[in-house]
Each structure stands twice: as structure tokens, then as C-alpha cells.
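Remarks on the structure that follows.
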């Protein structure tokens, strides 16, 4: 069965809308390169393209620059096999084989049954699939019809297959019993069965020589076998299971084999010897090895979420690293946005690596170097992993001095030495920050100036270091210090205070210079973590009793408490403006707490527990890291681009688990979702909520602000050359009077009657009244200026300025009086309050001399009434503002 497009993969919109967060929308995932599904390399002209699998998506790279070309849409089931042919990519997921062209699905073959496809091959117009139910199935690619099925017996369990070169309609299939069979798939008949090799066949690869196949076995043996005469040519042996094989196709006769431990062995086929063993080329199972056609370049991909290119120099059997793309191969332990632009994320993972990810360009991702680990590992005869630093449990960063010296400090598991790192050099720093009492480091922070680093230890002591020199400066401890492990550190903007939290249930505020305790705040439960918002001096504290408390640094009082999590809080953070606290817990929920209203305004549930989260400094993204996931997930803040009405909600509003963002980002899955302004049933988009409320204009600020500064803008944008005379419109296209140049294409004026073809102008055609003045006059006659206001709001600042300047001036100043009446009506209705005042200011500036010279035309009285109305409304607004300020000041005390 063929599905012609991808519309049938749409999810149920109703069910997804119930689980949708009101504030955060899934955006995209970062840090995924490849997984344990073998990648595919295709040659197109002089370029090589690699397609890798990352779960429910696949990615295509150009190997020349290792840049990402495109990401596929999300598949319903995880991808289990990939292949490519004739510019098309074939993807197997579940019982389905989908065909893609440049990342877009063009057709689909749907199988029937409850099996899973483990390998696919393209044979002309057919595609063969090896399934986990020990059946070989073939479909016609164009029609999608099932061509044939081959069921293997109980004595032959198929594991892998290959199409030998020049063997028409033949497939060579290996098994767990160590035997191989050649099948003619055209007639569904077995041609020949080989004797067992004594171990399960794990991979098959065609050699450059016809009839010779490389057979990889479970016991680590690789056999070169001539399948035409059934003769073993040669055999080599490496450690453990063979997972991938490849042959060089240039002048060198070299075979590369990979195993499940990440080692790559290079064999000289001419002299039949091992020439080099690349120990720990990857940190996990090697899924695929491929020599580029006629080039001394080896491409390797592993289950460690990495793809690497190795180049062989002339007369040198040892390959050198050429290019690579990688991410964490173990879940991140902590993530944090770096800098103020919100485009970079620091991440520390259980793979003992510190990485930087870019939210705008994947090519800018990199891993911080830990020194010459490869050289040391080779000289000592150990693996590189054994020489890496322990797992990073906590880190702090600052961009204030990133060009001068180290600006990142990390704490490691069961280690008393903090390490410094430099983002400028992308490497570890020169200094190790040892705790003075030799106890393990628990938490760290960097001062706002970027000069000092602080490390809190398990004993309750806090050490201060100079980041430039790495020297120890002072200790924050003593009789009034913490008695148990420090769990949180923060410093203020002016380096007056150091704030610390501990398991001993206290928060201490230290004098930055003297290292003495200025104040101690006691809480009811041990402290898990603290977060300090430097702009508003608020301290958020997460405790073991599952509560979040907010403390004002100035008054030292607890001003807010948030309860609702049903398991330990794993992480939380402030929003950039300090209005929200976003927290995550082991109960798999992410909650948003509103500080002004002291309520929970958003909650959503995910499948995997959030281990760390961070809010972008620009407020556009929330980044989360999850257990059992090696990537970082971005959630878009919907309040940045939509009007969201937030109010207090309860836990019962969480109905379903929300899916994590995919690699493809906001793809076709989100196209059918309702627009953001229609998701909330309580969203009120009325122009004015109540008549007693002063309402500002919904138009862009430039609509009225630029009108007041139009002269300055014109002077700044004055052209260097004289403007060219515009081309004249054709004589047969009449124009409409007004500031906006428009053609009058109405049918009445274009039609010519036979009775009236005179070229004389009628008096009615000399009417110069614009649409602006026409709406003013109509508003005065009907005592309703709403149409005029709606039209004026569509004008640009320059057009509005022209309309006001060209306003007709008669002896009674009628048009000017109408304009002032319209402004008075706007102020009286309390709508478009600031826009009305901007229009009145521009009108007074332009026509002030005429108004002063004509005191008897009623315009003075109109202006006085308008000024009185404006003073009354502004006075009412000012009194409410002062009342609110007094109330806030009273609450803080």
C-alpha cells in the first residue's frame, strides 16, 4: 500500500491541544548527531553526502564541510534502517518504508503484521527488507505492492544481507548459526548454502574484487571469502564482535574493521598484517565504516553520538583526525545559557565532557578540550576515557572577562579540585582550584565582575579564588558559618554580598570583603538549591519539603511560597525579567510560578524527568535536559509572539504527557495546530476590557512615536543625492486625492458612454477633499468618529503628517475643529490614549500659529475642553499608580 504524501502521519490535534502548555511550545532539539543505526553515504558527482539516524528523524550532511543540509520530519516509530539510491532516501520504521527526497516524504510502503524491519536494500525497482520475524520481504517501489516473501527455517536465523556485485537478482544472507545462503529473489529460490564459520555472522561487505566478500563474525574474526568457488582467501582477528567493515578504493590495499568497543583496526591486505589499531576511536559501538570512493578518507560513525573523518597521509599508515561532529553520548547533568545573547548553551554530561551548543547554527557546537589526553593515553597504554576528568556535577560561567582569562568553573563528583575553563580557547584553564580543607566541592559561582570564583564544599566552607591568577584569596567560614554541605552560592551585582545556602537549613548573607556573616535566615527544611536574581534582589530557595520560597534580600523576609510538586525538585530558574520561576521535579512536571500573583500559571508533563533547565537571557527559549536523553530541548516562550492570558491553574489541568521537541523543530506536526491566539478559551482580544480602564493603542509604537520626531527622522535619513523624478503614471489612470498615492480604478469612471465623450472637466472633478477630511466631516455629522480613527490608524507617520499639514483652512476652521473633537472623543472613550495625545501634539505644533490668530472660531474652547479631559484622566491614572507603589512598599516592609 502506497501513501502518496505525508498528511496521513498527522497526529490527533484535539488530543495534543489538551496536553499543550499555555506558555511553552516545543521548538527543536539540539546535540543529536547519530545513534546505533548504521549511516549511509551516497556519492553525487564530486560530493559525498551522509545520512544519519537520530531516533525518529534522520539528518543529511555534506561531508566536504560537515555542514547539516536538512532534517527529516518526525516518523511515527523509531527509525530502524536506512539506505539511499538515485537521490532518494529510504527509511524503515516499524513495518513501514518511507521514501524521501531532500528531506521531504514522497511515498510510503505500508507492511502488514507485527514485525520490525532491521535492514533494507534497493534492487532496481524493488526494495528488499530483512525483518526481525526471520522473513525477507520485497516490495515494488513504484506501486508499493508486495513482490515476494522468503521465510527462513528454524535452522537459519537471518542477521544481515548484501547484494554481491554482478550477481543479478541475488542476495547473500548471513545468520546467527554462522552459515550463509545465496537466494535468487526473482524466483524466491535458494541457490546455495555455505558451511558454518563457527560463529554468528554480524556483518557483510563487498570487497573491490568481484566474488570476494568480507564476513564479520561475532567472535571478532573477519574472513575474506570467495563465494563463487566457496573458498576462504584470508582471515584476520580483532577483539570482540565485528560491527563494520570497509575497503579503500584508491591505490592502497587496506581494510578497516570496527568492533563494539569503538576500536578501528587497519589491515594491510597485500602483506596480510595489522598496520594500525585505532584504540577508542569512538566511545561506543562503531555502527559504520566507509572509505570515500578513490580518496584516502575514512568516515566512521558510532553509537557515541559522533561522526568522524580520518585522513591518511602519503606513506603514513596512521590516520589523522580531519573533521568531526559530535554531541553528548550520556545524558547532560547540567545546562546553562551562556552570555547575554541567548544563542549559546553550556552543557556538562555524564560522559565527562563540557560542551557548548549553539541555538542558531549547529556547526558552532564544540567540546572543551581537556588537554593532550590522546597523547598521554597512548604513552601510558590506557584509554582516553580513563584520563578524562570526573563527571561534572556543577558549574558556573560569566561572560564579563571571557577574553582575558578563565571564565568557567566546574565542580566534579567526589573531587576537591575545581577546574577553570576558557571559552576563548575552548580548552581547560591552567589553574586547579583546590578547597583549603580538602573536602569535596559541591557548588560554585562567579562574581558579577568576573574576577573572583567561589567554591562551596561538603564541609560547609566556602573558598574564594582569583580567576586570573588562580590564587586562593579568602575563606568564608568560622563559628557562624555553615555546619554542613553548601548547596547554593550567589553574589550580587555590586560585590557587596555573598549568599550561600546549606543542608543545615540556613541561608547566610556574607560581607563580600570581610568574609563575615551579616545575616542568617533559618528555614524549616534542608536547602537543595538557591537561585539569585541580581536585578530585583530576590532569592529563590528549593527545599527538601518540596516547597520553593522567595526571599527579599533587602528585608530578609520570605515574600512568596510555592507548593505543588509531589517529588524532589531537580532544578529551577528565574525568567529574565524576574516575574516567573520555572521549576522541574521528579514528578515529571515543569511548572511556571508567577511572583506578582503568587500562583501557578502553567504546568505541563513530559515523559522523561527534567534533570536541568535554563531560561534564555532574552526570554525567548526555555532549555531542558532530561534523563535518558543525550540532547538538549528548546521550548519557545509563546508570550513573546502571542497574547497569552494567564491565570491561576490547578494540577488537574494536566491531562496528557507532552512530547519533547523534535530535531525538525516546528515542522508539519505543528502546522495544523490552532493559532496561538485561539488556544486559550479565556483569551480576551477586545479593544477595551471595560469603559473605566484607560487603554493604550494596539498599534506599533512607531505609529505615534515617529510622528513626534518626524523632523529628526527626515534629517537623519536625508538622501545624499537629489531624489529622481518619479515616472509619470499613464494619462488614462486617474488618481485619488490624499497622502497615499492610489489609482482610481472604479468601473464608473473607466466606462465611457457614447453620449458623453467630451474632454471638458466638470466642476465636480475639481473636488480636492481627501478621504481623511471626508471621514472627519462624516464623523462630525454623525457624532461618531470611530471610522475616522480606524482610517487614521492605518496611515504611516509620514502620511499622517501630510494629512495634518494639508488640512483645509476656511474662515470657520471647520476641519480643525472636527479634528479636535475627534481627539476629545478618543480621550473621553479612554481608547488609544497615547496615540490621541501624539496626534494632538503634532496638530498643535503644525497649526499653532493659526490657532493663536483665530480665538473666535470655537477652536479655543474645544482645546480647553480637551485639555481638561486629558488632565482628569491622567490625574486618575497617576493616583492609581501612586496607590500601587505605596501598597508594594508596605508589603515589602
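Just a few scattered comments:
- Answer residue from the stretch 186-220, given it is closer than 21 Å to residue 273 by Cα and more than 44 Å from the chain's Cα centre (by Cα) and is surrounded by the fewest Cβ atoms within 10 Å (Cβ to Cβ) among those: 209
- For the stretch 509-524, the criterion of being over 22 Å from residue 461 (Cβ atoms), surrounded by fewer than 20 Cβ atoms within 10 Å (Cβ to Cβ) and touching a strand residue (DSSP E or B) at 6+ places or on another chain (Cβ under 8 Å) is met by at least one residue.
- On the stretch given as the stretch 86-100, residues that are under 18 Å from residue 123 (Cα atoms) and either assigned to a strand (DSSP E or B) or in contact with a helix residue (DSSP H, G or I) (Cβ under 6 Å, 6 or more places away or on another chain) (or both) total 10.
- Contact map, the stretch 775-786: first residue under 15 Å from residue 824 (Cα atoms), second residue in a loop (DSSP other than H, G, I, E, B) and modelled with pLDDT of 85 or more, Cβ cut-off under 9 Å, separation 6 or more or different chains; pairs are 776/785; 776/807; 779/785.
- The conditions of being crowded, with 18+ Cβ neighbours inside 10 Å, closer than 23 Å to residue 64 by Cα, at pLDDT 95 or above and more than 35 Å from the chain's Cα centre (by Cα) are met by residue 245.
- Entry remark, the stretch 329-348: residues being in contact (Cβ under 8 Å) with a residue 24 or more places away in the chain, within 18 Å of residue 423 (Cβ to Cβ) and surrounded by 17 or more Cβ atoms within 10 Å (Cβ to Cβ) number 11 in total.
- Scan of the stretch 69-83 for residues that are within 13 Å of residue 51 (Cβ to Cβ) and surrounded by fewer than 20 Cβ atoms within 10 Å (Cβ to Cβ), ordered by number: 69, 70
- Residue match in the stretch 492-508 (condition: buried (at least 17 other Cβ atoms within 10 Å of the Cβ) and in contact (Cβ under 8 Å) with a residue 60 or more places away in the chain): yes
- For residue 240, the conditions (1) in a loop (DSSP other than H, G, I, E, B); (2) within 15 Å of residue 291 (Cβ to Cβ) are fulfilled apart from (2).
- If you go through the stretch 670-705 and keep only what is outside any helix (DSSP H, G or I), modelled with pLDDT under 50 and in contact with a helix residue (DSSP H, G or I) (Cβ under 9 Å, 6 or more places away or on another chain), you end up with 672, 673, 674, 679, 683.
- Checking residue 667 against (1) modelled with pLDDT of 85 or more; (2) closer than 24 Å to residue 104 by Cα, the condition it does not meet: (1)
- The residues of the stretch 781-818 that are surrounded by 14 or more Cβ atoms within 10 Å (Cβ to Cβ) and on the phi > 0 side of the Ramachandran plot amount to a single one, 813.
- If you go through the stretch 798-812 and pick out every residue that is farther than 16 Å from residue 778 by Cβ and modelled with pLDDT of 85 or more, you end up with 8.
- For the stretch 261-280, a residue qualifies if it is touching a residue at least 12 places away in the same chain (Cβ under 8 Å) and not in a loop (DSSP other than H, G, I, E, B), and the qualifying residues are 264, 265, 266, 267, 268, 274, 275, 276, 277, 278.
- Per-region count, the stretch 838-859, residues at pLDDT 85 or above and crowded, with 17+ Cβ neighbours inside 10 Å: 6
- Only a single criterion out of (1) over 24 Å from residue 386 (Cα atoms); (2) crowded, with 19+ Cβ neighbours inside 10 Å is not satisfied by residue 314, namely (2).
- Every residue from the stretch 547-572 that is under 18 Å from residue 507 (Cβ atoms) and buried (at least 16 other Cβ atoms within 10 Å of the Cβ): 547, 548, 549, 550, 551, 552, 553, 560, 562, 569, 572
The values are calculated or read from the model by the stated rules, or taken from the named source; none is laboratory data. Every value quoted in this text rests on a predicted model; they were computed, and no experiment measured them. Heads up, the Cβs are rebuilt from the backbone with ideal geometry, glycines too, and the neighbour counts pull from every protein chain shown.
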